[in-house]
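The values are calculated or read from the model by the stated rules, or taken from the named source; none is laboratory data. In this text the structure is predicted, and so the values were computed from the model without any measurement. Using ideal geometry, Cβ is built from the backbone for each residue, glycine included, and neighbour counts are taken over all protein chains shown. Keep in mind that these areas ignore ligands, DNA and RNA; they rest on the heavy atoms of the full protein, side chains included. Shrake-Rupley method; radii C 1.70, N 1.55, O 1.52, S 1.80 Å.
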Amino acid sequence: MSTEPAIITQGLTKSYGPVQALRGLDLEVGRGEIYGFLGPNGAGKTTTIRCLLDLIRPSGGAARVLGLDPRRDGLAVRARTGYLPGELRLDERLTVEGALRLLNGLRDHRAPWAEVRRLAERLELSLGTPVKNLSTGNKQKVGVVQALMHRPELLLLDEPTTGLDPLMQRTVLDMVRAARDAGATVFFSSHHLAEVQAIADRVGIIRAGRLVEVVDTRALAERAVHRVHVRLQEGAGVDLDALAGVRGVTSVEGEAEDRGTGLITLQVEGAMDALIRALASLPVETLETEQPSLEEVFMAYYETPGRD
Ligand code: ATP
């Protein structure tokens, strides 16, 4: 297998008449990674995915997918990819089973039917339901099944959890992770920081058709600004200034100094070992930490001085 990244784009541009949807997009997605493509409405996520599959042609720049040029080898790229479109269109006259058999037929029946059943069961999707009776969420499940069923090397998923309830969202994310564990590369678009945080190895942030940042999700979490609430025993005198000087502590608020007891709230950036050592000598009654959401981390990240 080629060691070339699963996806590369260089200076990709796409205009729809006067609308510049992509303005020089440079992407690189390694084999076997889960890459979250995060951005607001209209940022260019769907346009990017459609260019990668040669469903639309870019206005400029270059793309390579699984070592191929989608413009020359679009068929081969699509055959090796599982694609979940933002809005799946299905023949209303068919049942779910009929629709999936039709889609499988287009892929030379490469998906073993047992796999289709397994995926459908996992999603609690009934194969006998007529397509015209499907709810939005159940239609989305059909999309997930058809993207995964032939165990493709690459998954291109356009907002995979849209329309699903929270339990099903989690199931889909678990299935995506399982596909990666079985060797697939995953590129998925999302508006939801939480789901990106849950499964992505890296996140690319797209804004107005440009990639503005690529971050490692774990590195991002390590930048976490934790809030730590410490309740001390009555009468415990504590030097708040000394706590403020502990490595990682960025702010301290508390009542301990004035009243000899109370609650201290600290902000800590990064590892907490130094704070834990400092607290070990104090009469701590309770200690709670709040895990910041990726959103808070992003805010901290973007508020770093010197960052654009
Ligand atoms: P969302 O999160 O809302 O799905 P997106 O990041 O997927 O958005 P795109 O659908 O790629 O964004 O759209 C990028 C820009 O291109 C938007 O301004 C959109 O209105 C425009 N656009 C997309 N498709 C077309 C089209 N067929 N004709 C004209 N403009 C289009």
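So, R0 is 22 Å and r is the distance between the beta-carbons of V212 and S59; what FRET efficiency does that work out to, to 0.05?
Result of the calculation: an efficiency of 0.60.
Can you sort V214, V77, V225 by 1.4 Å-probe accessible area, starting with the largest?
Listed by decreasing accessible area, they come as V214, V225, V77.
Accessible area, 1.4 Å probe, largest first: how do R93, R110 sort?
Result, largest first: R93, R110.
For the chain, which whole-number percentage of the solvent-accessible area (1.4 Å probe, protein heavy atoms only) is attributable to carbon and sulfur atoms?
In the chain, the share of accessible area belonging to carbon and sulfur is 48 percent.
Just the number, please: percent antiparallel of the DSSP beta bridges in the chain, rounded to the nearest 5.
70
Under 1.5 on a/c is rounded, so check that first for segment 106-206, then, if it is not, pick prolate when a/b is larger than b/c and oblate when it is not; a ≥ b ≥ c are the square roots of the alpha carbon gyration tensor eigenvalues.
It is oblate, given that a/c is not under 1.5 and a/b is not larger than b/c.
Quick check: net charge around L25, other residues with Cβ under 12 Å of its Cβ, Lys/Arg +1 and Asp/Glu -1?
+3
Would you mind computing, in nm to one decimal, how far apart the modelled labels at T289 and L75 are, each placed 7 Å from Cα along Cα→Cβ?
Between T289 and L75, the simple spin-label model gives 5.6 nm.
Report the calculated FRET efficiency for A194 and T136 (r = Cβ-Cβ distance, R0 = 30 Å), to the nearest 0.05.
Computed FRET efficiency for A194 and T136: 0.90.
Using protein chains only and a probe of 1.4 angstrom, how many square angstrom of L123 are accessible, to the nearest 10?
Per-residue accessible area (L123): approximately 0 Å².
What per residue convex hull volume, in Å³, do the alpha-carbon atoms of the chain yield?
About 175 Å³ per residue, rounded to a whole number.
Let me check the size of segment 62-114 from its C-alpha atoms; what are the radius of gyration and Dmax in Å?
Expressed in Å, the Cα Rg and Dmax of segment 62-114 come to 13.6, 40.
Taking a probe of 1.4 Å, how large is the accessible area per residue of segment 166-244, in Å²?
Spelled out: the 1.4 Å probe surface of segment 166-244, per residue, equals 47 Å².
Quick one: how many Å² of M168 are accessible to a 1.4 Å probe, rounded to 10?
Approximately 10 Å² of M168 is accessible to the 1.4 Å probe.
Over the heavy atoms of E288, what accessible area does a 1.4 Å probe trace out, to the nearest 10 Å²?
For E288, the solvent-accessible surface is approximately 110 Å².
At 37 °C and a viscosity of 0.692 mPa s, what translational diffusion coefficient does Stokes-Einstein give for segment 12-153, taking Rh as the Kirkwood radius over Cα pairs? Give it in µm²/s as a whole number.
198
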